[in-house]
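The structure appears below as structure tokens.
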Amino acid sequence: MKKIAILGSTGSIGTQALDVVRNLPEEFSVEVLAANSNVELFAQQVAEFHPKLAVLADESAYKILRTKNFHGTEIAGGRQAFIDSAGFDGVEIVLTSMSGFAGLEPTLKAIDCGKNIALANKETLVVAGELVTKSARARGVKILPVDSEHGAFFQCLQGEDSRAIEKLLLTASGGPFRGKTRDDLQNATVNEVLAHPTWNMGRKITVDSASLVNKGLEVIEAKFLYGVEYDQIQVVVHPQSIVHSMIEFRDGSIIAQLASTDMRLPIQYALTYPRRLISPVKRLDFWQMNALTFERPDVETFRGLKFAYAAGKSGGTLPCTFNAANEIAVREFLRGRIKFLNIYDVIEHAMTAREVVQNPTLEILLAEDAATRLLAEEFIGRRF
């Protein structure tokens, strides 16, 4: 029985990971559950899975949680307790499914404690790819990708020599606005942005999918997961979301991974690797499938992807700047303070204004994240 920790258990990936555990109860022991502030759902999860440690990062939520009685479960609260939970004794693999920059420190903590990582928090590698991968190599830690696209690459590479990769073909659904122009998007509403055609995801990642920022984050993530150059990563819009990604090898062969649009599949594979176990995921029916189509992304309308390539190629602190500015912009869009297309304006301003520091330490990245957030907030307050 594999002992696991789920950080971000009340989010989209976390709740689906617990569905995987429900389906394979003999395979997993949930040792740690950690979340931010959703007390009601979190309390239900703790009561069902009986972890040894339960942590809420939000202090106010923790005060409510600790009034409840969970037999055999230690209750802790606060940001530092959340980070420390990633290193809990006995845990073999930590699923990092929290959103945004907040995932970096817990992931580094888990790696430092020798825990393998099921990585759903792509921002960890975006903002600190060199730091994270170097630390993982030093500790002999496996980083197992949970994103459907990176999980696809990982599966396509089984039995293959990664040095034979010629190109990573990273698929994108195109989101709800595929084919739209900038004029079409001038007054895009929050509800329109959140109406993703193929995936059911959290609000932040759904906005990122619409802007193609999410695909940009995945480009940077792919560079560190698979050791390729940015010119070897090609984004391909595939609206059916059946082909989750493909690898072209140097002999011209292309291997693809196909499956239904269900995140429980890559979650389960990361948690059970190298075994493949039965899952409840709906099977593809090729007799019912009409067509699989592929297109070039529109990087002039959806500039998030272009910004990501520029940030990644620059390296240093610029990917951190890109990510922090986007997080603030998405937050303010969801609050109704800025329009959808203004997300790009905020990112561009931050990337232009901030000085790039190469080979940053964790302390420098923490400072860059904070400084960029402040810069983005001031820019929004002044401009919009």
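Laboratory data are not the source of any read-out in this text; all were calculated from the coordinates shown. If you're wondering where the values come from, they're calculated on a predicted model, not measured in any experiment. Using ideal geometry, Cβ is built from the backbone for each residue, glycine included, and neighbour counts are taken over all protein chains shown.
General observations
- Distances between placed amide hydrogens fall under 5 Å for Phe28 paired with Lys2, all partners being 5 or more residues away or on another chain.
- With each label modelled as a point 7 angstrom along the Cα→C-beta vector, the Asn69-Asp251 pair spans 6.6 nm.
- Stretchable slack from Glu160 to Thr15, in nm (0.36 nm times residue separation minus alpha-carbon distance): 49.0 nm
- Calculated mean residue ellipticity at 222 nm for the chain: -13500 deg cm²/dmol, from DSSP H runs with n ≥ 4 weighted as -39500 (n - 2.57), summed, divided by the residue count and rounded to 500.
- Glu74 long-range amide H proximity, modeled H, under 5 Å: Leu53, Ala54
- More than 29 angstrom apart: percent of Cα pairs within the chain: 41
- The orientation-averaged shadow of the Cα convex hull for the range 240-368, equal to a quarter of the hull surface, comes to 12.7 nm².
- Förster radius 30 Å - calculated FRET efficiency between Met1 and Leu284, Cβ distance, rounded to 0.05: 0.45
- Lysine pairs with alpha-carbon atoms under 18 Å apart, the range 100-254, spacing 8 or more or separate chains: 18
- If the convex hull is drawn through the Cα atoms of the range 162-254, its volume per residue in Å³: 106
- Whole-Å distance, taken between Cα centres, linking the range 1-77 and the range 326-384: 32
- Per-residue HN-Hα couplings for the range 362-376 [Karplus 6.51, -1.76, 1.60; θ = phi - 60°; Hz; x = Gly/Pro]: 4, 4, 5, 5, 4, 5, 5, 4, 5, 5, 5, 4, 5, 4, 5
- The phi torsions of the range 327-339, fed into the Karplus equation with coefficients 6.51, -1.76 and 1.60 and a -60° offset, translate into couplings of 4, 5, 4, 5, 4, 6, 5, 5, 7, x, 7, 10, 8 Hz, rounded to whole numbers, with Gly and Pro shown as x.
- Of all lysines in the structure, those lying under 21 Å Cα to Cα from Lys68, and not within fewer than 8 positions of it along the same chain, are Lys52.
- Spin-label zone in the range 332-366 - amide nitrogen under 18 Å from a point set 7 Å from the Cα of Arg383 along the C-beta vector: 332-356
- Reciprocal of mean inverse Cα separation for the range 95-223 (Kirkwood radius, Å): 16.1
- Considering every alpha-carbon pair of the range 221-294, the percent of pairs per 10 Å bin, from zero through the bin containing the longest distance, is 14, 40, 37, 8.
- The string of couplings for the range 21-33 from the Karplus curve (6.51, -1.76, 1.60, θ = phi - 60°) is 4, 4, 6, 10, x, 7, 9, 10, 10, 7, 7, 9, 10 Hz, one whole number per residue in order, with x for Gly and Pro.
- Cα-based radius of gyration for the range 1-145, normalised by 2.2 N^0.38 Å, reads 0.97.
- Gln234 versus Glu363: modelled label distance in nm, points set 7 Å from Cα along the beta carbon direction: 4.5
- Other-chain or far-sequence residues with amide H under 5 Å of Ala118's (modelled H): Val94, Leu95, Thr96, Leu144
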